[in-house]
Amino acid sequence: MKTFSKIITDESLRETALHGNSEFPFKYYLENIWDFDFHCIDWHWHPEVEFIYVRSGAALCHIGNAEIKLSKGSGLFINSRAIHQFRSECETVIPNIVFLPKLLAEETGLIYKKYIKSVTDSALQYLILTPDTDWHRDVLDRLCHVFSSQDDKSPNELGTVIALMEMWEIMYREISDDLPQRKTDVRTSDQAKLQIMMQFIHEHFLEPITLHDISESINVSESTALAVFKNSIHISPVEYMINYRLKFGAALLADTEKKILTIAEESGFMSSEYFCRSFKKLYQMTPTEYRKRQKTGL
(Lines give C-alpha, C1' and ligand atoms only; values in the text may rest on other atoms or scores of the structure.)
Protein backbone atom coordinates (compact mmCIF):
# COMPACT_ATOMS: atom_id res chain seq x y z
CA MET A 1 0.00 0.00 0.00
CA LYS A 2 1.38 3.38 -0.98
CA THR A 3 1.42 6.06 1.69
CA PHE A 4 1.34 9.77 0.87
CA SER A 5 3.51 12.33 2.61
CA LYS A 6 2.08 15.40 4.31
CA ILE A 7 3.59 18.61 5.58
CA ILE A 8 2.86 18.96 9.31
CA THR A 9 2.34 22.45 10.71
CA ASP A 10 1.00 24.10 13.85
CA GLU A 11 -1.94 26.49 13.96
CA SER A 12 0.18 29.32 12.55
CA LEU A 13 1.30 27.17 9.56
CA ARG A 14 4.81 26.94 11.00
CA GLU A 15 6.32 23.60 10.05
CA THR A 16 6.77 21.43 13.12
CA ALA A 17 9.56 19.21 11.75
CA LEU A 18 13.00 19.67 13.31
CA HIS A 19 15.56 20.35 10.58
CA GLY A 20 18.79 18.95 11.92
CA ASN A 21 19.63 19.56 15.57
CA SER A 22 20.99 22.26 17.87
CA GLU A 23 24.58 21.28 17.09
CA PHE A 24 24.08 21.23 13.31
CA PRO A 25 20.78 22.92 12.30
CA PHE A 26 20.84 21.63 8.72
CA LYS A 27 18.78 19.02 6.88
CA TYR A 28 18.89 17.59 3.37
CA TYR A 29 15.72 16.21 1.77
CA LEU A 30 15.22 14.32 -1.47
CA GLU A 31 11.52 14.75 -2.16
CA ASN A 32 9.08 14.10 -4.97
CA ILE A 33 6.16 16.53 -4.86
CA TRP A 34 4.07 13.86 -6.59
CA ASP A 35 4.40 11.66 -3.48
CA PHE A 36 2.67 14.21 -1.26
CA ASP A 37 -1.05 14.08 -0.61
CA PHE A 38 -2.79 15.60 -3.64
CA HIS A 39 0.66 16.27 -5.15
CA CYS A 40 1.06 19.32 -2.94
CA ILE A 41 3.50 20.36 -0.22
CA ASP A 42 0.96 22.63 1.43
CA TRP A 43 1.37 26.10 2.92
CA HIS A 44 4.03 26.35 5.61
CA TRP A 45 6.88 28.51 6.86
CA HIS A 46 9.94 28.06 9.04
CA PRO A 47 12.67 30.23 10.57
CA GLU A 48 15.25 28.41 8.43
CA VAL A 49 16.22 29.45 4.91
CA GLU A 50 15.72 26.94 2.12
CA PHE A 51 17.34 26.14 -1.22
CA ILE A 52 15.60 23.82 -3.65
CA TYR A 53 16.58 22.42 -7.06
CA VAL A 54 14.30 20.86 -9.67
CA ARG A 55 16.04 17.66 -10.71
CA SER A 56 13.13 16.43 -12.82
CA GLY A 57 9.62 17.52 -13.72
CA ALA A 58 8.29 21.01 -13.02
CA ALA A 59 7.21 22.72 -9.82
CA LEU A 60 4.60 25.39 -9.26
CA CYS A 61 5.57 27.44 -6.22
CA HIS A 62 3.52 29.99 -4.32
CA ILE A 63 5.49 32.26 -2.02
CA GLY A 64 3.38 34.95 -0.39
CA ASN A 65 1.38 36.45 -3.25
CA ALA A 66 3.84 35.31 -5.96
CA GLU A 67 3.33 32.35 -8.29
CA ILE A 68 6.54 30.84 -9.68
CA LYS A 69 6.97 28.08 -12.26
CA LEU A 70 10.25 26.22 -11.94
CA SER A 71 11.46 23.95 -14.74
CA LYS A 72 14.07 21.19 -14.65
CA GLY A 73 17.52 22.54 -13.84
CA SER A 74 16.34 25.67 -12.03
CA GLY A 75 16.41 26.42 -8.34
CA LEU A 76 14.96 28.65 -5.67
CA PHE A 77 16.12 30.39 -2.52
CA ILE A 78 13.35 30.89 0.06
CA ASN A 79 14.05 33.35 2.83
CA SER A 80 13.44 32.81 6.52
CA ARG A 81 9.77 33.01 7.59
CA ALA A 82 8.44 33.27 4.02
CA ILE A 83 5.19 31.32 3.73
CA HIS A 84 5.25 28.95 0.74
CA GLN A 85 3.63 26.02 -1.04
CA PHE A 86 4.69 23.62 -3.83
CA ARG A 87 2.52 21.80 -6.37
CA SER A 88 3.22 19.60 -9.37
CA GLU A 89 1.30 18.04 -12.21
CA CYS A 90 3.78 15.19 -12.76
CA GLU A 91 6.62 13.39 -11.00
CA THR A 92 8.79 16.27 -9.75
CA VAL A 93 11.93 15.52 -7.76
CA ILE A 94 13.22 18.47 -5.74
CA PRO A 95 16.30 17.85 -3.61
CA ASN A 96 16.43 20.65 -1.06
CA ILE A 97 18.27 21.86 2.01
CA VAL A 98 16.84 23.70 5.01
CA PHE A 99 19.10 25.34 7.59
CA LEU A 100 19.19 28.06 10.20
CA PRO A 101 21.26 31.08 9.11
CA LYS A 102 23.28 30.88 12.33
CA LEU A 103 24.90 27.74 10.91
CA LEU A 104 27.04 30.06 8.78
CA ALA A 105 28.25 32.43 11.51
CA GLU A 106 27.85 33.40 15.15
CA GLU A 107 24.76 35.58 15.53
CA THR A 108 26.57 38.22 17.59
CA GLY A 109 29.48 38.52 15.16
CA LEU A 110 30.22 40.85 12.27
CA ILE A 111 29.83 38.21 9.53
CA TYR A 112 26.31 37.36 10.63
CA LYS A 113 25.17 40.94 11.12
CA LYS A 114 26.68 42.31 7.91
CA TYR A 115 26.24 39.50 5.40
CA ILE A 116 23.51 37.18 6.69
CA LYS A 117 21.08 39.15 8.82
CA SER A 118 20.92 41.86 6.14
CA VAL A 119 19.42 39.25 3.81
CA THR A 120 17.17 37.35 6.21
CA ASP A 121 15.77 40.56 7.72
CA SER A 122 15.13 42.17 4.35
CA ALA A 123 11.81 42.16 2.47
CA LEU A 124 13.28 39.62 0.02
CA GLN A 125 11.09 36.52 0.16
CA TYR A 126 12.65 34.43 -2.60
CA LEU A 127 15.18 34.37 -5.39
CA ILE A 128 14.82 32.32 -8.58
CA LEU A 129 18.02 30.65 -9.77
CA THR A 130 18.30 29.75 -13.46
CA PRO A 131 21.22 28.01 -15.19
CA ASP A 132 21.38 30.58 -18.00
CA THR A 133 22.71 33.28 -15.62
CA ASP A 134 26.38 32.85 -14.75
CA TRP A 135 26.24 33.57 -11.02
CA HIS A 136 22.99 31.64 -10.64
CA ARG A 137 24.73 28.66 -12.23
CA ASP A 138 27.63 29.03 -9.80
CA VAL A 139 25.19 28.84 -6.88
CA LEU A 140 23.35 25.89 -8.41
CA ASP A 141 26.61 24.01 -9.00
CA ARG A 142 27.58 24.38 -5.36
CA LEU A 143 24.07 23.49 -4.27
CA CYS A 144 24.23 20.23 -6.25
CA HIS A 145 27.65 19.57 -4.69
CA VAL A 146 26.04 19.91 -1.25
CA PHE A 147 23.33 17.45 -2.29
CA SER A 148 25.84 14.86 -3.52
CA SER A 149 27.88 15.11 -0.32
CA GLN A 150 24.79 14.31 1.74
CA ASP A 151 24.37 11.01 -0.07
CA ASP A 152 27.60 9.75 1.50
CA LYS A 153 27.31 7.54 4.55
CA SER A 154 29.59 9.92 6.44
CA PRO A 155 28.62 13.46 5.36
CA ASN A 156 31.33 16.10 5.64
CA GLU A 157 29.78 18.81 7.82
CA LEU A 158 32.75 21.13 7.39
CA GLY A 159 32.65 20.75 3.60
CA THR A 160 28.91 21.38 3.66
CA VAL A 161 29.31 24.65 5.58
CA ILE A 162 32.14 25.77 3.29
CA ALA A 163 29.94 25.16 0.22
CA LEU A 164 27.04 26.99 1.86
CA MET A 165 29.28 29.94 2.66
CA GLU A 166 30.46 30.04 -0.96
CA MET A 167 26.84 30.00 -2.16
CA TRP A 168 25.92 32.76 0.27
CA GLU A 169 28.93 34.90 -0.67
CA ILE A 170 28.04 34.69 -4.37
CA MET A 171 24.40 35.49 -3.70
CA TYR A 172 25.17 38.36 -1.32
CA ARG A 173 27.67 39.90 -3.71
CA GLU A 174 25.08 40.00 -6.50
CA ILE A 175 21.98 41.09 -4.58
CA SER A 176 23.20 43.18 -1.63
CA ASP A 177 22.93 46.52 -3.42
CA ASP A 178 19.29 45.87 -4.36
CA LEU A 179 17.93 44.21 -1.25
CA PRO A 180 14.37 45.47 -0.62
CA GLN A 181 13.99 46.81 2.88
CA ARG A 182 11.00 46.05 5.04
CA LYS A 183 8.67 48.96 5.67
CA THR A 184 7.71 48.98 9.35
CA ASP A 185 7.97 45.18 9.25
CA VAL A 186 4.88 44.80 7.06
CA ARG A 187 5.58 41.17 6.22
CA THR A 188 5.74 40.15 9.87
CA SER A 189 2.71 42.28 10.72
CA ASP A 190 0.54 40.74 8.02
CA GLN A 191 1.69 37.24 8.86
CA ALA A 192 0.85 37.85 12.52
CA LYS A 193 -2.64 39.01 11.52
CA LEU A 194 -3.03 35.97 9.28
CA GLN A 195 -1.97 33.62 12.04
CA ILE A 196 -4.32 35.14 14.62
CA MET A 197 -7.27 34.90 12.22
CA MET A 198 -6.31 31.33 11.35
CA GLN A 199 -6.17 30.46 15.02
CA PHE A 200 -9.65 31.95 15.49
CA ILE A 201 -10.94 29.82 12.60
CA HIS A 202 -9.30 26.67 14.00
CA GLU A 203 -10.96 27.24 17.37
CA HIS A 204 -14.41 28.09 16.01
CA PHE A 205 -14.70 26.31 12.64
CA LEU A 206 -17.58 24.13 13.85
CA GLU A 207 -19.60 27.26 14.61
CA PRO A 208 -21.48 29.36 12.00
CA ILE A 209 -18.82 32.11 11.92
CA THR A 210 -18.72 34.80 9.22
CA LEU A 211 -16.14 37.08 7.63
CA HIS A 212 -17.24 39.73 10.13
CA ASP A 213 -16.48 37.41 13.05
CA ILE A 214 -13.06 36.56 11.61
CA SER A 215 -12.11 40.21 11.04
CA GLU A 216 -13.26 41.14 14.55
CA SER A 217 -10.82 38.62 16.01
CA ILE A 218 -8.03 41.14 15.22
CA ASN A 219 -10.16 44.32 15.20
CA VAL A 220 -9.80 45.12 11.51
CA SER A 221 -12.30 45.72 8.73
CA GLU A 222 -13.63 42.87 6.62
CA SER A 223 -11.79 44.29 3.59
CA THR A 224 -8.49 44.24 5.51
CA ALA A 225 -9.04 40.66 6.63
CA LEU A 226 -9.84 39.69 3.06
CA ALA A 227 -6.71 41.44 1.75
CA VAL A 228 -4.42 39.77 4.31
CA PHE A 229 -5.65 36.31 3.29
CA LYS A 230 -5.64 37.03 -0.44
CA ASN A 231 -2.13 38.52 -0.41
CA SER A 232 -0.73 35.69 1.74
CA ILE A 233 -2.37 32.43 0.66
CA HIS A 234 -4.56 33.50 -2.29
CA ILE A 235 -7.94 32.59 -0.81
CA SER A 236 -10.50 34.41 1.30
CA PRO A 237 -10.95 33.81 5.05
CA VAL A 238 -14.27 32.06 4.40
CA GLU A 239 -12.69 29.83 1.75
CA TYR A 240 -9.92 28.98 4.21
CA MET A 241 -12.52 28.10 6.84
CA ILE A 242 -14.40 25.84 4.41
CA ASN A 243 -11.15 24.15 3.37
CA TYR A 244 -10.22 23.65 7.02
CA ARG A 245 -13.59 22.01 7.62
CA LEU A 246 -13.02 19.81 4.58
CA LYS A 247 -9.57 18.75 5.83
CA PHE A 248 -11.16 17.87 9.16
CA GLY A 249 -13.76 15.84 7.27
CA ALA A 250 -11.06 14.18 5.16
CA ALA A 251 -9.33 12.98 8.34
CA LEU A 252 -12.61 11.47 9.55
CA LEU A 253 -13.08 9.74 6.19
CA ALA A 254 -9.61 8.21 6.40
CA ASP A 255 -9.63 7.27 10.09
CA THR A 256 -13.23 6.26 10.80
CA GLU A 257 -16.08 4.29 9.25
CA LYS A 258 -18.65 7.00 10.01
CA LYS A 259 -21.31 7.73 7.42
CA ILE A 260 -20.72 10.70 5.14
CA LEU A 261 -23.81 12.46 6.50
CA THR A 262 -22.40 12.19 10.03
CA ILE A 263 -18.97 13.38 8.93
CA ALA A 264 -20.50 16.37 7.13
CA GLU A 265 -22.34 17.41 10.30
CA GLU A 266 -19.30 16.85 12.51
CA SER A 267 -17.19 18.95 10.13
CA GLY A 268 -19.44 22.01 10.41
CA PHE A 269 -21.55 21.62 7.25
CA MET A 270 -25.29 22.17 7.28
CA SER A 271 -25.92 19.50 4.63
CA SER A 272 -24.14 16.46 3.25
CA GLU A 273 -24.83 17.69 -0.30
CA TYR A 274 -22.89 20.90 0.28
CA PHE A 275 -20.11 18.93 1.97
CA CYS A 276 -19.82 16.52 -0.97
CA ARG A 277 -19.93 19.30 -3.55
CA SER A 278 -17.29 21.35 -1.73
CA PHE A 279 -15.15 18.27 -1.11
CA LYS A 280 -15.07 17.35 -4.79
CA LYS A 281 -14.22 20.93 -5.76
CA LEU A 282 -11.21 20.99 -3.42
CA TYR A 283 -9.95 17.42 -3.75
CA GLN A 284 -11.10 16.61 -7.30
CA MET A 285 -12.82 13.45 -6.04
CA THR A 286 -15.88 12.51 -4.01
CA PRO A 287 -15.66 11.71 -0.29
CA THR A 288 -16.31 8.05 -1.13
CA GLU A 289 -13.47 8.02 -3.67
CA TYR A 290 -11.18 9.73 -1.17
CA ARG A 291 -11.95 7.15 1.51
CA LYS A 292 -11.23 4.31 -0.92
CA ARG A 293 -7.96 5.98 -1.96
CA GLN A 294 -6.84 6.26 1.64
CA LYS A 295 -7.71 2.65 2.38
CA THR A 296 -6.06 1.19 -0.73
CA GLY A 297 -3.25 3.70 -1.30
CA LEU A 298 -4.14 3.96 -4.98
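Once whole DSSP H runs in the chain are found, which of them have Cα atoms spread over 18 Å or more along the helix axis and a mean Kyte-Doolittle score of at least -0.5?
Correct list, ordered by number: 157-175, 186-204, 237-255.
What longest region of the chain stays clear of GluC sites (Glu not before Pro) that DSSP places outside H, G, I, E and B and that have at most 13 other Cβ atoms within 10 Å?
It works out to 108-256.
Indicate the gyration tensor shape class of the stretch 154-298 (rounded, prolate or oblate), computed on the Cα atoms with a ≥ b ≥ c the square roots of the eigenvalues: a/c under 1.5 is rounded; otherwise a/b larger than b/c is prolate and the rest oblate.
oblate
For a quick check of your reading of the filter: which trypsin sites (Lys or Arg not before Pro) in the stretch 91-163 sit in a DSSP loop and have no more than 16 other Cβ atoms within 10 Å?
Those satisfying the criteria are K153.
Counting helices only, and only those DSSP H runs with n ≥ 4, report the 222 nm mean residue ellipticity of the chain as the sum of -39,500 (n - 2.57) divided by its residues, in deg cm²/dmol to the nearest 500.
Computed mean residue ellipticity for the chain: -13000 deg cm²/dmol.
Percent of alpha carbon pairs in the stretch 13-59 separated by more than 18 Å?
Result for the distance tail: 39 percent.
Averaging sequence separations of C-alpha pairs under 8 Å and six or more residues apart, then dividing by the length of the stretch 33-119, give the relative contact order as a whole percent.
Details: 172 pairs, mean separation 31.5, N = 87.
It comes to 36 percent, rounded to a whole number.
Sum up the charges of everything whose Cβ sits under 9 Å from the Cβ of L60, counting Lys and Arg as +1 and Asp and Glu as -1, but leave L60 out.
After counting each charged neighbour, the total is 0.
Along the charge dipole of the chain, pointing to its positive end and built from +1/-1 on Cβ of Lys, Arg, Asp and Glu, which listed residue (A227, I7, Q284) has its Cα farthest out?
Q284
So if I take the centroid of the Cα atoms in the stretch 246-298 and the same for the stretch 89-142, what is the distance between those two points in Å?
40
Can you sort S80, S272 by 1.4 Å-probe accessible area, starting with the largest?
S272, S80
What does the charge count near D138 come to, summing +1 for each Lys or Arg and -1 for each Asp or Glu among other residues with Cβ under 12 Å from its Cβ?
Combined, the nearby Lys, Arg, Asp and Glu give -2.
Count the net charge of all other residues whose Cβ sits under 13 Å from the Cβ of I260, scoring Lys and Arg as +1 and Asp and Glu as -1.
Net of charged neighbours comes to +1.
What is the magnitude of the charge dipole of the stretch 185-298 about its Cα centre, with +1 placed on the Cβ of each Lys and Arg, -1 on the Cβ of each Asp and Glu, and no other charges, expressed in debye to the nearest 20? Before the final figure, lay out each step's value.
Working: 14 positive and 14 negative charges, 143 e Å.
Around 680 debye, computed over the stretch 185-298.
The values are calculated or read from the model by the stated rules, or taken from the named source; none is laboratory data. Note that the structure is predicted; figures quoted are calculated from it, not measured. Here Cβ is always computed from backbone atoms with ideal geometry, including for glycine, and neighbour counts include all displayed protein chains. Ligands, DNA and RNA are stripped out before the accessible areas are found, and what is left, the full protein with its side chains, is counted by its heavy atoms. Shrake-Rupley method; radii C 1.70, N 1.55, O 1.52, S 1.80 Å.
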